[in-house]
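Below: one structure, written as structure tokens.
Every number in this text was worked out from the coordinates using simple rules, so none of it is lab data. Predicted model only: the values in this text are computed from it and were never measured. Backbone-built Cβ (ideal geometry, glycine too); neighbour counts: all protein chains shown.
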Amino acid sequence: MKAWNRFVIPILPLSLLLAGYLLSHSPAAQSQAKQEAGGEQALQAFAAIRPIDVHVHVFKTDPAFQSMLERLHLKVMNILVMDDTLSYRKQLAPQIKGTLALVRSSQGHIAWCTTFDPYKFDEASFDSDSIRQINRDFRDGAVAVKIWKNIGMEIKNRDGKFIMADDPKFAPIYKDIAQHGKTLMAHLAEPDVAWGPPDPSDPSWSYYQENPQWFLYNKPGFPSKQEILQARDHVLAENPNLRMVGLHLGSMEKDLDDIARHFDRYPNFAIDMAARMEYLMIAPPDKVYAFLIKYQDRVLYGTDLDFLPDADIKDTLKDWQSTYTRDWKFLATDEPLEYEGKKIRGLKLPQPVLQKIFRDNARHWIPGL
Ligand SMILES: [Zn+2]
């Protein structure tokens with residue numbers, strides 16, 4: 001279907017068109033005020049759907065942060081990550097302790113997704129320790145388990161080989177997660193651009209400037225993206241009772257057809273949109289629209305927004321609210337938006353589809369949210 005036509009041929013009375021023209025040529029101050037009012041309107045519509053953001057990283061709270069969650073009727077899922085390249089993510093125990101305190105103080109606005117320590121992969125008790133710990137976390141309210149890109153891109157076993165997601169050592173852990181009816185949140189691999197060559201026009205490019213340890217171009221010996229995702233697919237095939245959410249558009253950010261093939265092949269697979277909305281914004285709009293209509297039950301809203309230990313509350317609130325405003329405008333309205341100087345327009349998805357993406361799919365795919 002040519003959804004884009006709805007934006008190109010607006011059936012509007014001439015007076016409205018004229019008013020629109022005049023408004024778009026008004027002085028800067030007026031246009032800024034208009035934008036802010038539009039932002040507030042978008043946030044109100046976002047809040048009305050009682051949204052769930054399945055992908056955030058929150059390390060502390062603040063009365064202003066809590067009141068934003070309340071004002072937006074927002075539930076977020078805080079995802080723990082084991083990352084030996086960042087001091088505050090190196091240890092698991094303090095992250096769990098901190099998250100439990102956050103969840104308890106949040107009046108139901110923060111849920112959590114635990115993880116286990118893949119850096120202990122070679123220890124004899126790796127499986128049993130990991131299972132004991134995640135089961136304890138389930139009892140403490142964790143609704144999901146995260147695995148991360150360090151599997152496939154960083155951690156090596158004692159033979160010097162990169163460990164992959166379908167390593168038999170992980171099998172009992174996946175089985176345990178499925179048996180508990182919990183969900184595996186899988187961030188495996190990275191955007192194509194991580195394998196290079198350098199591409200400053202890619203939406204993820206700035207990330208690799210700040211995090212060169214994950215940029216693999218001209219670094220021999222690393223698994224290819226395809227190998228990593230094949231291992232992921234193998235987990236899906238081997239564990240039909242395990243629900244898996246592939247984070248960041250399942251790392252297939254530039255290929256909606258590939259995502260569709262995965263949905264058709266693996267009924268236990270869904271994706272989140274975290275930190276990849278830009279790829280949808282620059283893809284052909286009628287294609288994105290048709291994809292989101294067809295797979296409206298398989299896409300979860302997530303952002304990857306964070307509230308880091310050293311973050312300023314004012315910057316954080318601004319960042320969170322502007323992201324929610326932009327995402328709502330893009331998915332729910334046909335307002336003009338700008339991305340990197342490129343003019344785009346919102347998709348204006350039907351309300352029942354928005355209801356699924358922003359809320360119902362999260363509850364379906366991650367029971368307990
Ligand atoms: Zn994340």
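For the range 323-334, 3J(HN,Hα) computed residue by residue from phi via the Karplus equation (6.51, -1.76, 1.60; θ = phi - 60°) reads 5, 5, 4, 4, 5, 5, 4, 5, 8, 9, 10, 10 Hz, glycine and proline entered as x.
Helix 14-24 axis versus longest C-alpha principal axis of the chain: approximately 60°, rounded to the nearest ten. Amide hydrogen proximity for VAL58: with H placed 1.01 Å from N in the peptide plane, the residues at 5 or more positions away or on another chain lying under 5 Å are ILE79, PHE307.
Label separation (ASP62 vs ASP319): 1.1 nm, computed from points 7 Å beyond Cα along the C-beta direction. I'd like the orientation of helix 225-238 relative to the chain: the angle between its Cα long axis and the longest Cα principal axis, in ° from 0 to 90, rounded to 10. Roughly 70 degrees between the two axes. In this simple spin-label model, placing a label point 7 Å from the Cα along the Cα-to-Cβ direction at both ASP258 and ASP129 gives a separation of 3.5 nm. When shorter helices are ignored and each DSSP H run of at least 4 residues is given -39500 (n - 2.57), the per-residue value for the chain at 222 nm works out to -13000 deg cm²/dmol.
Relative contact order of the range 214-283: 32 percent, from C-alpha pairs under 8 Å at least 6 residues apart in sequence. Which of the residue pairs LYS182/LYS254; LYS90/LYS146; LYS90/LYS169; LYS97/LYS149; LYS287/LYS329; LYS225/LYS294 have a Cα-Cα distance greater than 20 Å in the structure shown? Beyond 20 Å between Cα atoms: LYS182/LYS254; LYS90/LYS169; LYS97/LYS149; LYS225/LYS294. Applying the Karplus relation 6.51 cos²θ - 1.76 cosθ + 1.60 with θ = phi - 60° to the range 124-135 yields 3J(HN,Hα) values of 4, 9, 3, 4, 5, 5, 5, 5, 4, 5, 5, 5 Hz, where x marks Gly and Pro. The distance between label points at LYS90 and LYS294 comes to 4.7 nm (points 7 Å beyond Cα on the Cα→Cβ vector). Taking θ as phi - 60° and the Karplus parameters 6.51, -1.76 and 1.60, the scalar couplings of the range 353-366 work out to 6, 4, 4, 6, 5, 7, 8, 5, 5, 4, 5, 6, 7, 10 Hz in sequence order, x denoting glycine and proline. The H on the amide N of LYS146, modeled in the peptide plane, is under 5 Å from the matching H of THR114, THR115, PHE116, MET185, each at least 5 residues off or on a different chain. The angle between the Cα long axis of helix 28-48 and the main principal axis of the chain comes to about 50°, on a 0 to 90 degree scale.
At a threshold of 8 angstrom on Cα-Cα distance, excluding pairs fewer than six apart, so keeping six or more, what relative contact order does the chain reach in percent? With pairs under 8 Å counted, the relative contact order is 19 percent. About its Cα centre, the chain has a charge dipole of approximately 900 debye under the convention of +1 per Lys or Arg Cβ and -1 per Asp or Glu Cβ, with nothing else charged. Scanning residues 5 or more positions from ILE344 or on other chains, those with amide H under 5 Å from its amide H are LEU337, GLU338, TYR339, with H placed 1.01 Å from N in the peptide plane.
Taking other Cβ within 10 Å of each residue's Cβ, how do TRP195, TRP328 sort, fewest first?
TRP195, TRP328
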